[in-house]
1. For a test of the definition: using alpha carbon positions, the gyration tensor, and the 1.5 limit on a/c, classify segment 29-72 as rounded, prolate or oblate.
2. Peptides 70-77, 133-140: what's the order by average Cβ count within 10 Å, highest mean first?
3. Taking 0.36 nm per residue of separation and subtracting the Cα-Cα distance, what length does fully extending residue 126 through residue 82 add?
4. Order by neighbour count: 81, 33, fewest other Cβ atoms within 10 Å first, most last.
Amino acid sequence: MRTRNLALGLALIAIVLAAVTNVSAQSAGSSRFGVWNNQSNPNNVMTYEPYGDGGMKITVATTRNGNTSSWGYVTMFDGEFRPVEGQEGSETAVEVINERSTRIINMRNGRVTQVIINTLSEDGNTISNEYIRMDAAGKITGVGHAVYERAQ
């Protein structure tokens, strides 16, 4: 009897955790939908769109010398690596830290090269990205920061 109750309790906990994770992923994504302009580099624009059931499609467009290029990826906020379109040999994984922050892990040719902490402001109009670059041994080689504002 105790074994059955324990198994039932564990199953219930697993269901609740799965539901909470899905809600967190949806709130982490849906509050970001739209177009975001980089404050320090107006030639860099991010677009976040709904994707699948609770996921998000991210597209980054950069304009240099009058030429625009873009790359992007999709995520389900599950920490699984998915290919980056427009960057050969690149994959990205995104996981939820909390309802306002995500961890983005960039891999190129099978090696993690960068981790980004993406944080949405309380008012929902600013995204701050902390970029942590790493060498082949995983040693931090640089840290950068960018701020994006929601396009009106």
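The numbers here are math on the coordinates, done by the rules we state, and not lab data. Because the structure is predicted, anything quoted here is derived from the model rather than measured. All Cβ positions, glycine included, derive from the backbone under ideal geometry; neighbour counts span all protein chains shown.
1. On the way: a/c = 4.74, a/b = 1.96, b/c = 2.41.
Taking the square roots of the gyration eigenvalues as a ≥ b ≥ c, segment 29-72 is oblate.
2. Working: 70-77: 19.1, 133-140: 10.4.
So the peptides 70-77, 133-140, ranked by packing, come out 70-77, 133-140.
3. On the way: separation 44, 0.36 × 44 = 15.84 nm, distance 2.57 nm.
Length gained between residue 126 and residue 82: 13.3 nm.
4. On the way: 81 17, 33 13.
By the 10 Å Cβ count, ascending: 33, 81.
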